[in-house]
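One structure below.
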């Protein structure tokens, strides 16, 4: 069995069969034209081999580094657009024409990177040029080779100049960093050098040990002085400050004279006070003299003690403190001397302790200072190494200037033998042109079929419906029209196989919905897909199964097909369609040839079809027939023509879409099914494929009068009523 694609292609061949002879004629004409073309002129091929090149003497490493190895050379590096354009201008050719005849064979490494260039020997580059003029071919190859050599040398020189430029730019900065590193190390040595040297020869450790010994000696001396001071304080009954003041006061003769005079006046005052009153002039005079001498005494004490008596403690009883005997005065002076000596030793102990603490801190910080110096030395070494390397690299680069040459050189220039030109074979040209024309015609047919968008095989329609998630309810046969008065083919006298297809259609609809819907709407995407044929035959199949069936023609934009079932429409009913639909008993007519089948014919083409279908009369009509009949089939207009089918669908139980091979457009059908599936109010049962070719068994056709006996059909069969249905 042929695949759907092959069947579709053969159908396309049948539609465009004129393209096959047309393609054959064009192919034969093309072959003849190609045969008449004169033989091409001889082609000359010139080949140049570029090999790797290096200087005879090499003293620098930079010269080797900047020289591009032949393995890394690419076609763009050898033949730039500028070289191609200049060479083509020199030889009088167009650049694009010259490029078509030029072939470059690169080394293996370069060929791996440049996919367009063929690979060749790993140590050479080949330039091959073909031309009908041998001298011009040789000129092109020579000039291209020399340009490639010059370009390679210029590239090596440019890379060397870039190296030298980079070194000259970076060297001052590196030299400055080296100078800064040297200055940092020198400044650190000036600041921390003595400490590091002292740490290295042990001076700090010795100084710390000496300080500790000195501290112990001073502490012993201080303890001895404290003991002696305590003994003297015990003997004198005064502190060192008090002893200092008393000794200072006792040693002053003026203070002794004033003290003596005050004592005499006090004695006189005491004697006079026994006989005289305090207000007596003598008493007042003596008191005044005592106060004067007391003031002079206090002033003298302030002069002796210094600071006006503020810096040192002032004795409460000056006369008693200034009257020490010689022995106590000597002890007081000794106490003052020992106290002064002790204070001096304590200050020495504090200074030595502070010095020891500083030395210890310096000793603890010594590793950090040493580490800091090591870091500065390392930085200086790195800067020095980098500076020396760059200096050496710069000297090496200047040496490489005299060694810079091209990476390639011309190794060999050859003129290859002429390519033989085979003579033309007329028969081969004619046969080849004919075959090519046939292939061209077949290809154009296939392309036109793909671009047309019409589905020509039932398999394509079935697959497209499934892809749109639409159920395939039936594959309906293509039936012939057997009566002259019929405008559509019907099952009235059809073969058994035709009826079985519609029975399967009804069964699939019942199985899918659980029961046979009461009212179904039949429509299609475009005209000529056979929706009316499917509607009529579906109602006929239901009537033959014993169901009271009704056909409603609601396609008010086309003529009625009621004559196909021998039902004539009164011409008066076409003038007032709303009155026609409002009287059910008048608009429902009996199909005389088929039992249980009734029809509401269309009143004909109406200008306001949509308004009529939305009227209350039509709604009441559909509700009335729902109660009168077992199965109602509504024939609605195509979806692409208007929205009449979508207006009628809410009044029915669901919609069925009719398709037909050779008529249905895939894009239109997909758009319609997508709209139906996305709608929340429309119930879409699925689709049927109409017009499927089936093989019928051969039999002798009989006249229509002999095919069916219509005598059993009652002429006065009544229209079912709601009460009768109930």
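Each reported figure results from applying straightforward, stated rules to the coordinates on display, with no laboratory input. Keep in mind the model is a prediction, meaning the values are calculated, not measured. Here the Cβ positions follow ideal geometry from the backbone for every residue, glycine too, while neighbour counts run over all protein chains shown.
Multiply the residue gap between residue 343 and residue 100 by 0.36 nm, knock off their C-alpha separation, and tell me the result in nm, one decimal place.
Values: separation 243, 0.36 × 243 = 87.48 nm, distance 11.19 nm.
Full-extension gain reported as 76.3 nm.
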Point to revise | Residue-span extension gain [residue 585 to residue 559] - 0.36 nm each, minus C-alpha spacing | key: 7.2 nm
Point to revise | Rough spin-label spacing in nm, given labels placed 7 Å along Cα→Cβ, for residue 382 and residue 282 | key: 10.7 nm
Practice item. Could you check the simple spin-label distance between residue 212 and residue 71, using points 7 Å along Cα→Cβ, in nm with one decimal? Key: 7.2 nm
Check your understanding: Which semi-axis lengths, in whole Å and largest first, follow from the square roots of five times the eigenvalues of the Cα gyration tensor of the range 458-707?
Key -> 25, 24, 17
Review point. Tell me, what is the percent relative contact order of the range 458-707, built from C-alpha pairs under 8 Å that lie six or more residues apart?
Key: 31 percent
Exercise for review: Order the peptides 274-283, 625-634, 336-345 from the highest to the lowest mean number of other Cβ atoms within 10 Å of their residues.
Suggested key: 625-634, 336-345, 274-283
Review point. Nearest 0.05, what FRET efficiency do residue 220 and residue 241 give at R0 = 25 Å with Cβ-Cβ as r?
Key: 0.50
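Suppose the chain between residue 271 and residue 619 were pulled fully straight at 0.36 nm per residue; how much longer would it get relative to their current alpha carbon spacing?
Net length gain for the segment: 109.4 nm.
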Study note, to complete from the structure: Going from the fewest other Cβ atoms within 10 Å to the most, one would list 479, 98 as 98, 479
Review point. Using 1/(1 + (r/R0)^6) with R0 = 45 angstrom and r between the beta carbons of residue 80 and residue 389, what's the FRET efficiency to the nearest 0.05?
Key: 0.80
Study note, to complete from the structure: The exposure ranking of 655, 349, fewest beta-carbon neighbours within 10 Å first, is 349, 655
